[in-house]
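Participant: Below you will find the structure I want to go over with you.
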Amino acid sequence: MSAQAAAGLRRDAVGLREVLFQSITAMAPAAAVAASIPSGAAFAGGSLPLAVVIALVACLFTASCVAELARELPAAGSVATYAARGLHPAVGFLVGWGYVFVQALVPPLLLLQLGFTTAGTLHEEWASCPADLWWPWALAGAAVIAVAGCLGVRASARFGTVLGVFEIAVLLVFAGWLIVRAGDHNTLSVFGTSHTAQGYGGVSGVFAGSVYTVLAFAGFEAAAPLAEETRDPRRTMHRAVLGAALGIGLFYVVTTYAMTVYFGPDRFASFGAAGRASWEGVARASFGLFWILVFLAVVNSTIANANANANVSTRTAYALARIRVLPRVLATLHPRYRSPVVGIAVQTVVAVGAALGLGFGYDPVTAFLLLATVIVTVVVGVYIVVNLACMGYFLRRGRGSLKPVRHLLLPLLGIVAFVPALLTAAGLPVFDFVTKLTAPVSYAGPVVGVWMAAGAVVLLILMRRHPERIAETARVHLDEDDPHAGAPQNGAVPR
């Protein structure tokens, strides 16, 4: 490997605050509150706060597993390394292959949202601004993210921290305002099942709403790929992953409660992501110029999310490239900032190409839905595999390390929680509330299938020609520099 690649990522560059906001911004809290969580209102109606609580508990099962593995296996390969050590190196390769693919698609997804959100809002304010002039905003966002990434993890993570604090502060202030204005309409009944949408009575409506809401939690694991650049990574990763999932989950509960009691629980089934019955619509109608801050928080959220996931994709690609299961050039680092500059360049090309190609080929909203379906389908699948890996890893380590509730029961509950979300994301009508996908969004399934099939072919070739490279997906590089690191456990690949 080249000298630059051998030297590795910059050690001890960031701390808990930065990696905590790496996960927080990857969850896109403002964008999720404004656009993602309201999708559950069509089923849960005014009981949506209860659905969010259930989704939070469900996500904490998997977040606990990721946090446990991140403490044991601090590696830039993150979920790929976890699957390799907990199940098999071949599974780790396939997880990494799928994960790096969809994480590379998150920035173009967010650039599309940045583009059509900004263009649409400007057109609404000034009719002379074309509603379809979305692409300059997408290109501007891509440039900002690329520059932040090239300047190294410290600059990129601190940039994400500032953006994350802004969007959370704006939405919390607005939520507090809504609660005060709701006055006597504040009620804990929204945490019951009495306000569900027509046709989805009681528990069934809350369950359907929670399935759609759980998808808003995706990204809590995004701190893990920064392990090799973080101070005290074993302790910090564990706290960051769990802290982000719990903190943003509570943020979702508070903001959803605030809007539900202000808007009215019994008519909340009509609430959505756009129009008068939306976060921006309510802000415009009732709070004057405050809607601008809500709009800026959502725009800010798209940039912060794209920045965080660019870090994830480039670090995961770097981890796979240095063991030569991806092209070695992706492990090339900037001589000063120690950032994976080739990976960042490739990520930027993919982001711009996918955003413009799909945005002009269809339209930006349709392109957004197509990419979102591809991403969520794979990410939820990865979560299920990581739960299995947690069980496998600690069973291999033996009774001394195994905690049955934490390492067996919680992963099992995590799998149970995410299977309905996987079926919903893929548009498989197993439940009556699942919307069957139509073209071109329905192309997401074949896209995922073709990519994973290509990964299986690459895996077979590597297993035949270079099996040692596949074995190295289980390697934890930080342990090589840690004299106190334990010896390989039962069934583990030597480090």
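The values are calculated or read from the model by the stated rules, or taken from the named source; none is laboratory data. These numbers come from a predicted model, not from an experiment. Here Cβ is always computed from backbone atoms with ideal geometry, including for glycine, and neighbour counts include all displayed protein chains. Side chains included, ligands, DNA and RNA excluded: accessible areas come from the protein's heavy atoms. Shrake-Rupley method; radii C 1.70, N 1.55, O 1.52, S 1.80 Å.
Participant: Quick check on this structure: which one of 191, 174, 159 is closer than 26 Å to residue 249 by Cα, surrounded by 22 or more Cβ atoms within 10 Å (Cβ to Cβ) and in contact with a Leu (Cβ under 8 Å, 6 or more places away or on another chain)?
Facilitator: From the options 191, 174, 159, the qualifying one is 174.
Participant: All but one of (1) part of a helix (DSSP H, G or I); (2) surrounded by fewer than 24 Cβ atoms within 10 Å (Cβ to Cβ) hold for residue 347; state the number of the condition that does not hold.
Facilitator: Every listed condition holds for residue 347 apart from (2).
Participant: Could I ask something else about it? For residues that are touching a residue at least 12 places away in the same chain (Cβ under 8 Å) and not hydroxyl-bearing (Ser, Thr, Tyr), scanning just the range 198-214, find the one that is surrounded by the most Cβ atoms within 10 Å (Cβ to Cβ).
Facilitator: Ranking the candidates gives 209 first.
Participant: Within the range 261-273, can you find the residues that are out of contact with any Pro (no Cβ under 6 Å at 6 or more places or on another chain) and open to solvent by less than 40 Å² (accessible area, probe 1.4 Å)?
Facilitator: Result: 261, 263, 264, 265, 268.
Participant: Next question. Would you pick out the residues in the range 285-301 that are open to solvent by 40 Å² or more (accessible area, probe 1.4 Å), hydrophobic (A, V, I, L, M, F, W, C) and either in contact with a strand residue (DSSP E or B) (Cβ under 9 Å, 6 or more places away or on another chain) or in a helix (DSSP H, G or I) (or both)?
Facilitator: Listed by number, the residues that qualify are 285, 292, 293, 296.
Participant: Within the range 482-493, is even one residue charged (D, E, K, R), modelled with pLDDT under 95 and within 24 Å of residue 73 (Cα to Cα)?
Facilitator: So far as the range 482-493 goes, yes, one or more of its residues are charged (D, E, K, R), modelled with pLDDT under 95 and within 24 Å of residue 73 (Cα to Cα).
Participant: Which numbered condition trips up residue 91, out of (1) assigned to a helix (DSSP H, G or I); (2) open to solvent by less than 10 Å² (accessible area, probe 1.4 Å)?
Facilitator: Just one mismatch for residue 91, condition (2).
Participant: Return yes or no: is residue 381 on the phi > 0 side of the Ramachandran plot, open to solvent by less than 40 Å² (accessible area, probe 1.4 Å) and either over 19 Å from the mean Cα position of the chain (by Cα) or of a type in the set (Gly, Ala, Ser) (or both)?
Facilitator: no
Participant: Taking the range 102-137 only, how many residues are part of a helix (DSSP H, G or I) and either among the polar types (S, T, N, Q) or open to solvent by 40 Å² or more (accessible area, probe 1.4 Å) (or both)?
Facilitator: Final tally of qualifying residues: 13.
Participant: Going by the conditions given, is residue 140 outside any helix (DSSP H, G or I) and hydrophobic (A, V, I, L, M, F, W, C)?
Facilitator: no
Participant: When you go through (1) within 26 Å of residue 227 (Cα to Cα); (2) surrounded by fewer than 24 Cβ atoms within 10 Å (Cβ to Cβ); (3) among the polar types (S, T, N, Q) one by one for residue 81, which number turns out not to apply?
Facilitator: It fails just one condition, (2).
Participant: Can I ask one more? Quick one: which helices (runs of 4 or more DSSP H) sit completely within the range 399-484 and have at least 1 residues that are closer than 30 Å to residue 213 by Cβ, open to solvent by less than 80 Å² (accessible area, probe 1.4 Å) and free of Cβ contacts under 8 Å to residues at least 60 places away in the same chain?
Facilitator: Of the helices (runs of 4 or more DSSP H) lying wholly inside the range 399-484, those with at least 1 residues that are closer than 30 Å to residue 213 by Cβ, open to solvent by less than 80 Å² (accessible area, probe 1.4 Å) and free of Cβ contacts under 8 Å to residues at least 60 places away in the same chain span 410-425, 444-465.
Participant: Out of all the residues in the range 27-53, which are open to solvent by 10 Å² or more (accessible area, probe 1.4 Å) and modelled with pLDDT of 95 or more?
Facilitator: Within the range 27-53, 50, 53 qualify.
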